[in-house]
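Asker: A single structure is presented below for examination.
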Amino acid sequence: MSSSSNTTYFIIGGNRGIGFNLVKTLSASTDNVVIAFRGLPSLPKNKQLEDLKKSRDNIHTVQLDITDDESVNKIADEIRKTPSFQGIDILLQTLGSRIPTMRS
Ligand SMILES: NC(=O)c1ccc[n+]([C@@H]2O[C@H](COP(=O)([O-])OP(=O)(O)OC[C@H]3O[C@@H](n4cnc5c(N)ncnc54)[C@H](OP(=O)(O)O)[C@@H]3O)[C@@H](O)[C@H]2O)c1
């Protein structure tokens, strides 16, 4: 849990679609937003996200594939590297219905 008055959101799937719209709204305040996405080289980058990151220093990105155990096991260390990290307050996951290997 972060100790400052700012909330830190961790959004899995925040680089496009519903997740990106949440990022736009939540990062308009001084709250911190950490976005996780796969970042597959075969997928085009979201230019809107790139532009938003340039204008808001409270947006941070980390790479995560929730279907890959190795990636999941590394994510805590990756998140800790984000600037001024003090903990995650709220986790949002904006994907799921088409992921066949998710566990219950
Ligand atoms: N959009 C709608 O109108 C709508 C309506 C009803 C329900 N839904 C449901 O809501 C969810 C989100 O929809 P959306 O349109 O926002 O989806 P989307 O545009 O396809 O975005 C999906 C997000 O999830 C990330 N992602 C996908 N697989 C991942 C994985 N294995 N590990 C980590 N991140 C992963 C993607 O990252 P990459 O870019 O790196 O792939 C992307 O950021 C889906 O389950 C969809 O079925 C959507």
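Asker: To the nearest 20 debye, what is the magnitude of the charge dipole of region 8-93 about its Cα centre, counting +1 on the Cβ of each Lys and Arg and -1 on the Cβ of each Asp and Glu?
Answerer: Numbers: 11 positive and 11 negative charges, 81 e Å.
Dipole of region 8-93, to the nearest 20 debye: 380 debye.
Asker: When ranked by the protection proxy of mean other Cβ atoms within 10 Å per residue, highest first, what sequence do the peptides 21-29, 76-84 form?
Answerer: 21-29, 76-84
Asker: Using only DSSP helix segments of four residues or longer, with each worth -39500 (n - 2.57), what per-residue ellipticity at 222 nm results for the chain after dividing by its residue count and rounding to 500?
Answerer: -9000 deg cm²/dmol
Asker: Please compute the volume of the convex hull spanned by the alpha-carbon atoms of region 8-93 and report it per residue in Å³. Don't skip to the answer; put the middle values down first.
Answerer: Details: hull volume 8.2 nm³, N = 86.
For region 8-93, the hull spanned by Cα atoms encloses 95 Å³ per residue.
Asker: What net charge is computed for the residues neighbouring ARG56, neighbours being all others with C-beta under 12 Å from the C-beta of ARG56, Lys and Arg scored +1, Asp and Glu -1?
Answerer: -1
Asker: Would you work out the relative contact order for the chain, in percent, from Cα pairs under 8 angstrom that are 6 or more residues apart?
Answerer: Relative contact order comes out at 37 percent.
No lab work stands behind these numbers, since they all come straight from the coordinates. It should be emphasised that the depicted structure is a prediction, and the values quoted were computed from it without experimental measurement. Neighbour counts run over all protein chains shown; Cβ positions are idealised from the backbone, glycine included.
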